Amino acid sequence: MNRSAPTGTTALDAGRRVADLEELAAGAAVDLLVIGGGVTGAGVALDAAARGLRTVLVEARDLAFGTSRWSSKLVHGGLRYLASGRVGVAHESAVERGVLMTRTAPHLIRALPQAVPLLPSVSRGTAALVRTGFLAGDALRVGARTPSSVLPRARRVGPREAVRLVPAVRTEGLRGALVAHDGQLIDDARLVTALARTAAGHGARILTRVRASEVTGDSARLTDTLTGTALTVRARAVVNAAGVWAGEVDESIRLRPSRGTHLVFDSAVFGRPEAALTVPVPGSTSRFVFALPQQLGRVMVGLTDEDAPGPVPDEPEPTEAEISFLLDTVNTALARELTRADVRGAFAGLRPLIDAGGGETADLSRRHAVRESPSGVVTVVGGKLTTYRRMAEDAVDLACRVRGLDAGPCRTRSLPLVGAPGHPDSRTVGRDVAPAPLIARYGGEAGAVLAAASLPDPMRRIADTINITRAEVEYTITHEGALDAEDVLHRRTRIGFVPEDAELARPAVEEVLAELRG
């Protein structure tokens, strides 16, 4: 069996990147080359490295640069797919949610109450459908063997409890609320970083700012976009996990992306809610708009599902129609109407849906596909964030089968990520050692973030209104592979969701970068 390097440090930094590139240029053997550094590509790299394969992941920009950072940050059980008859997809989602919440990344996910307020606009019939759906969601949870201690059962609450959960809800005619629970990530991009670092701990080479071209089933031309240096890497297998850009790597792949848009608000305008406000979209039995509480004192309202044909942009832009749709829908459930003036930021992501021809994007299957192209490249596409682990397992299984790789069995179903309980580097940290927001973002690594700080004033906030410290910024650079201020602001932290906050924090981030380089 081709074994990777022994389990070692999970730290990613500029020095490790240079050393890995030099070893590849010198002819280091590669069993599996992964193209794409989103959640699926990072999941493939971890799966392969944990099986003992010599693994390289290349990403043209940065970890979680594309769709993986634009999600609703929900690890969901697939209830919507059950409503439309896609039982297999729903069950797979519930199973993978349980794996994430109980074994691989419980430190990054919390049980989030989702409250559907029973207002006059919600008819008795609609309420009955929602309740039936929530009970079906409970059945999915039980079938996936996720205990109610992790995800509480659905229930109905009275008007007073509904207002406590979502203080901004309209109270006139409020009959209470239906409440169910789903999983919520502290941050989708942080999950990607944890996957990549865990893979690095198993010997994988994780290379950002490296573009792949001339890709075949056993080779690719790699260009370091920072220096312009290029080299050809031979690999026994190549996996295309480039998401919405998968068709640029493998021309046999046809995608039909759909755009999901979110709006960003200050949490105060929603009364600092404890639950997600869940508002049925008029005329639909399976679509909702969510107002989701987030870290850094924000609430995100989303999301849309619009066809997005044409060239794939680096950063998709919300349309005016989508912004109006989200405001109009969420306002049906609020005591005070929100306007464009309340919107602090907006973002959109593209779902890499498989084009099977015909149909609205909201009706296209979220099931993933793994296939070998005529060139021999194994492409994994479709699916969603919640099911990344199963997608990665299927991709590595196929690559091993068609390319004759001798690898061990998949281990990721029970493999804790960096920061999770059970990971060798995780330590229980109390609030007397680290502040609560740091623990929420790093779990069992929170103490390591503080211990690794080498610069003066590590606990100083980078801005008075942002609860991220200099120590965290330093850690993103020395351990999480951030190479510049954009990586820190937009992907290792999520300060960049509000443009004004990003500009407020930028001088402090650049100061840390300068001190480390000096």
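Throughout, read-outs are computed from the coordinates displayed, never taken from laboratory work. Note that the coordinates shown come from a computational prediction; the quantities given were computed from them, not determined experimentally. With ideal geometry, Cβ positions are generated from the backbone for all residues, glycine too; neighbour counts draw on all protein chains shown.
Quick check for me: using +1 on Lys/Arg Cβ and -1 on Asp/Glu Cβ, what's the dipole size of the range 436-517 about its Cα centre, in debye to the nearest 20? Don't skip to the answer; put the middle values down first.
Numbers: 9 positive and 15 negative charges, 48 e Å.
Using only the charged Cβ atoms, the result is roughly 240 debye.
Using θ = phi - 60° and the Karplus relation 6.51 cos²θ - 1.76 cosθ + 1.60, list the HN-Hα couplings for the range 181-194 in order, rounded to whole Hz, with x at every Gly or Pro.
Working through the residues one at a time gives 10, 9, x, 10, 6, 4, 5, 5, 5, 5, 4, 4, 4, 5 Hz.
Each residue of the range 16-33 in order: what ³J(HN,Hα) in whole Hz does its phi give by Karplus 6.51 cos²θ - 1.76 cosθ + 1.60, θ = phi - 60°, with x for Gly and Pro?
The phi angles translate into 5, 4, 4, 4, 5, 5, 5, 5, 5, 4, 7, x, 4, 5, 10, 8, 9, 9 Hz.
Order the peptides 111-121, 157-167, 401-411 from the highest to the lowest mean number of other Cβ atoms within 10 Å of their residues.
Values: 111-121: 21.0, 157-167: 17.9, 401-411: 14.5.
Ranked from most to least packed, the peptides come out as 111-121, 157-167, 401-411.
Report the relative contact order of the chain, percent, no decimals, based on alpha-carbon pairs under 8 angstrom and at least 6 residues apart.
Working: 1140 pairs, mean separation 108.1, N = 518.
Across the chain, relative contact order equals 21 percent.
Got a sec? Charge dipole of the chain, +1 on Cβ for Lys and Arg, -1 for Asp and Glu; which of I439, H181, A392 is way out at the positive end?
Of the candidates, H181 comes out farthest on the positive side.
Evaluate the charge dipole of the chain about its Cα centre and quote only its size in Debye, nearest 20, assuming +1 on the Cβ of each Lys and Arg and -1 on the Cβ of each Asp and Glu.
Here the size comes out at about 2020 debye.
Stokes-Einstein at 4 °C, 1.567 mPa s, Kirkwood radius from Cα pairs: D for the chain in µm² s⁻¹?
Working: Rh = 23.4 Å.
Once the numbers are plugged in, D ends up at 55 µm²/s.
What whole number of Å gives the distance from the Cα centroid of the range 1-70 to the Cα centroid of the range 329-355?
When both Cα centres are located, 35 Å separates them.
Taking the alpha-carbon centroid of each part, what is the distance from the range 453-510 to the range 221-267 in angstrom?
The distance from the Cα centre of the range 453-510 to that of the range 221-267 comes to 26 Å.
Between R160 and S213, 0.36 nm times their residue separation minus their Cα-Cα distance comes to what?
On the way: separation 53, 0.36 × 53 = 19.08 nm, distance 5.86 nm.
Answer, rounded to one decimal: 13.2 nm.
Sequence-distant or interchain residues sharing an amide H contact under 5 Å with V75, placed H: which?
Sorted by chain and number, the residues that satisfy this are G183, Q184, L185.
What does the C-alpha gyration tensor say about the overall shape of the range 436-517? Classify as rounded when a/c is under 1.5, otherwise prolate if a/b is larger than b/c, or oblate. All intermediate terms of the calculation are to be shown ahead of the outcome.
Working: a/c = 1.45, a/b = 1.21, b/c = 1.20.
Rounded shape, in that the Cα axes give a/c under 1.5.
Report ³J(HN,Hα) in whole Hz for each residue of the range 421-429, in order, from the Karplus equation J = 6.51 cos²θ - 1.76 cosθ + 1.60 where θ = phi - 60°; Gly and Pro get x.
Rounded to whole hertz, the list is x, x, 6, x, 8, 7, 9, 5, 10.
Note down the magnitude of the dipole of the range 196-300 about its Cα centre, charges +1 on Lys and Arg C-beta and -1 on Asp and Glu C-beta and zero elsewhere, to the nearest 20 debye. Could you put the intermediate results ahead of the total?
On the way: 13 positive and 8 negative charges, 19 e Å.
In debye, rounded to 20, the range 196-300 gives about 100.
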